[in-house]
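Let me begin by presenting the structure, written as structure tokens, before commenting on it.
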Amino acid sequence: MSLRPDVTSLRGRRSFRIGAILFLIGAEALLYGFSYPFFSLALEKQGLANWLIGLNASLAGIGILFVGPFLPRIIARLGVGRLVALLFAIPFLSFLAILVHGDTVTWFAARFVMGTCFSALWTTTEIWLNGELDDRRRGRIIAASGTLYAACQFVGPLMLGVVGVAGALPLVAAMIPLAAGAFVAAFLSLRAGAPAGETGEDAHADISWRLALAVAGPVLATAFICGVGETAMQSLLPLYGLAHGLSDAAASRMVATFALGEAVLVIALGWAADRYGRRPVLAAATLIAAVSTAALPFVFGSVAALQAALFLSGGTVAGVYTLGIVLIGQDYRGQRLALVSTAFGMAYSAGSVIGATPIGYLIDLFGVEALPATVGGSFLLLSLLVAAGGLRRARNAD
């Protein structure tokens, strides 16, 4: 008797789950891209001071630092599917609260709650997807999810341009994908036996953050450097361009080229990682990130060379982060996957928060070339760490 129909059925069910999780990632990114300009513009129309609008934006980013340490235990208790459903449902209720009340306190409380949920969704959907994938195609699908996230995040502001920022329409428009995300996650959770990210070895192990640092410290350093590099480049590149005599529009296009590399090149790196090995491709990506970023002062005489350097820098900085996620999925299972993935996301967030400030201070001290020198130097150190075997297979570190 042939088992091929059963194998085909299992593959079909897994492909369906992967597709559904990718839908959740897209919905999450759409709402993330929608919410940032929506809150700023809506609060500006209410006459709030700029510093209060900035404070509202800051509230969206700090919640994960409070919730992140507890995510692995919450996943172990609820299962990743049920948690993701809640993380979609709670922002739905937050938008509903704004729709019903609409006072300033509600806007600020809702922003904090939504920002925390969106940040936690970023980590939990990565954990869920990683737990569903096999090693044969892990790199390609993780990379494709990153491109999907970037594309849907780009669509968010476009959707806001259609629905506007006044009245109930933008709130209802945001609630629709949130309701769809909650339904899909709950459906997957009900259909699944044991939630991905909870089964397998270490499912009931007593795993501490100290152990996560011991077995995955270099991987977490990778996330931190990516957070610093990406945030610093995106926020300070326009100033760098202006200092080199570019117009405002041309300086802004530098960021666009950097972001285009993030959206496009990461897929090629994911494919190469599956074909040629994750660690060799990671070593190459960190070296290219270092060289292309450090080369910026030397390529300003050529528009084509400048655009190529920015494209490579953006693609490899984002690609190093993606390859780190792939390595985590390859090396960890069960609760340890949840723990290290959460620590990875928090390390990136910490780098993003810290990133631009010290590099901006170095620019004040030494001039604008401190930007490519610092970011390029950081990735050069990371490439040496990878080449020296610092990111060895985690199971061998136990």
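The values are calculated or read from the model by the stated rules, or taken from the named source; none is laboratory data. As the structure is a prediction and not an experimental result, all values here were calculated from the model. Neighbour counts are summed over all protein chains in view; Cβ atoms, including those assigned to glycine, are modelled from backbone coordinates with ideal geometry. To get the accessible areas, we keep the full protein, side chains included, count just its heavy atoms, and leave off ligands, DNA and RNA. Shrake-Rupley method; radii C 1.70, N 1.55, O 1.52, S 1.80 Å.
When S292, S252 are checked against the criterion of being modelled with pLDDT of 90 or more and part of a helix (DSSP H, G or I), a single residue qualifies: S292.
Selection of segment 131-151 for residues being part of a helix (DSSP H, G or I), over 14 Å from the mean Cα position of the chain (by Cα) and of a type outside the set (K, R) yields G131, E132, G139, I141. Looking at the structure I just gave you, is L148 open to solvent by less than 60 Å² (accessible area, probe 1.4 Å), modelled with pLDDT under 90 and in contact with a Pro (Cβ under 7 Å, 6 or more places away or on another chain)? No: the conditions fail for L148.
Pick from G367, G360, G324, G277: which is modelled with pLDDT of 80 or more and open to solvent by less than 10 Å² (accessible area, probe 1.4 Å)? Break it down stepwise before answering.
Working: G367 fails: open to solvent by less than 10 Å² (accessible area, probe 1.4 Å); G360 fails: open to solvent by less than 10 Å² (accessible area, probe 1.4 Å); G277 fails: open to solvent by less than 10 Å² (accessible area, probe 1.4 Å).
When all the criteria are applied, what remains is G324.
Restricting attention to segment 196-239, the residues that are part of a helix (DSSP H, G or I), open to solvent by 20 Å² or more (accessible area, probe 1.4 Å) and at pLDDT below 65 total 5.
Among the residues making up segment 346-357, a single one is more than 25 Å from I127 (Cα to Cα) and either among the acidic types (D, E) or surrounded by fewer than 16 Cβ atoms within 10 Å (Cβ to Cβ) (or both): T357.
Of all the numbered requirements in (1) more than 27 Å from N130 (Cα to Cα); (2) crowded, with 23+ Cβ neighbours inside 10 Å; (3) not small (G, A, S), L306 misses one, and that requirement is (2).
Report yes if A109 is touching a residue at least 24 places away in the same chain (Cβ under 8 Å), part of a helix (DSSP H, G or I), out of contact with any Lys or Arg (no Cβ under 9 Å at 6 or more places or on another chain) and surrounded by fewer than 21 Cβ atoms within 10 Å (Cβ to Cβ), otherwise no. Judged against the criteria, A109 is not a match.
For segment 50-106, give me the residue count where each residue is assigned to a helix (DSSP H, G or I), of a type in the set (G, A, S) and crowded, with 19+ Cβ neighbours inside 10 Å.
Final tally of qualifying residues: 7.
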